[in-house]
Amino acid sequence: MRYDPNLIVEKDEDVYPPSDDSLLLIRSLDVHAGERILEIGCGSGIVSMHCAVNGGIVTCGDINPKAVALTKKNMELNSLCAAVAETDLYSNIEGRFDTVIFNLPYLPVDEEGDLALAWSGGEDGLGPLPRLISGAHDHLLPGGRLVIVVSSLMDQDALRSALEGLDVKVLSELPLFFERLSVLEISL
């Protein structure tokens, strides 16, 4: 998708703002009209808004209630439609989707608080990735895909182990001065 800088994106100091990883994810996705999209960890809603602009039927959610409120507000400000829920991964999500998107909390740190949940991936940086993968079978339509952002700062052995046996394709990469971000498409 093409990033649209004209979308209105309000911010909240307690919600992860659109950043390099968000823009990389948007630019890596190819969304078609009618595609059923689930974005987990929607933050400000920037990725979900772009999916909706491109014709996706969007459901999104976040564990942070302030992110849920902000995403709803940003959708309304842009006259876009999405079902938005407070959820811990799939806990409050119903239905099946063509694509499940998650800009994972991938930094190998243990920090607490609603905002820290957006980046704190625990000691190995995998965070909720194993649970995301194990629950995907119940939420993806046949032929569906997971699209995630990962970092070179994650424990690479743990990441390889989590992805073992899955069909993984690198959609794009972004080298930064301290890490390399990658967008992965996973087919189950």
Q: Report whether or not residue 48 is out of contact with any strand residue (DSSP E or B) (no Cβ under 6 Å at 6 or more places or on another chain), closer than 24 Å to residue 184 by Cα and among the hydroxyl-bearing types (Ser, Thr, Tyr).
A: no
Q.
I want to confirm something. Restricting to the stretch 32-63 and keeping residues that are β-branched (Val, Ile, Thr) and surrounded by fewer than 22 Cβ atoms within 10 Å (Cβ to Cβ), which single residue is nearest to the chain's Cα centre (by Cα)?
A. 63
Q) If you scan the stretch 124-160, which residues turn out to be in a helix (DSSP H, G or I), of a type in the set (D, E, K, R) and within 27 Å of residue 177 (Cα to Cα)? A) 157, 160
Q) Of all residues in the stretch 73-91, which are surrounded by fewer than 23 Cβ atoms within 10 Å (Cβ to Cβ), under 16 Å from the mean Cα position of the chain (by Cα) and more than 18 Å from residue 33 (Cα to Cα)? A) 85, 86, 87, 88, 89, 90, 91
Q) Just to be sure, is residue 143 surrounded by 12 or more Cβ atoms within 10 Å (Cβ to Cβ) and within 23 Å of residue 58 (Cβ to Cβ)? A) no
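Read-outs throughout are calculated quantities, based only on the coordinates presented, and are distinct from any laboratory measurement. Values in this document were obtained by computation on a predicted structure and should not be read as measured data. Positions of Cβ are generated from backbone atoms using ideal geometry, with glycine treated the same way; all protein chains shown enter the neighbour counts.
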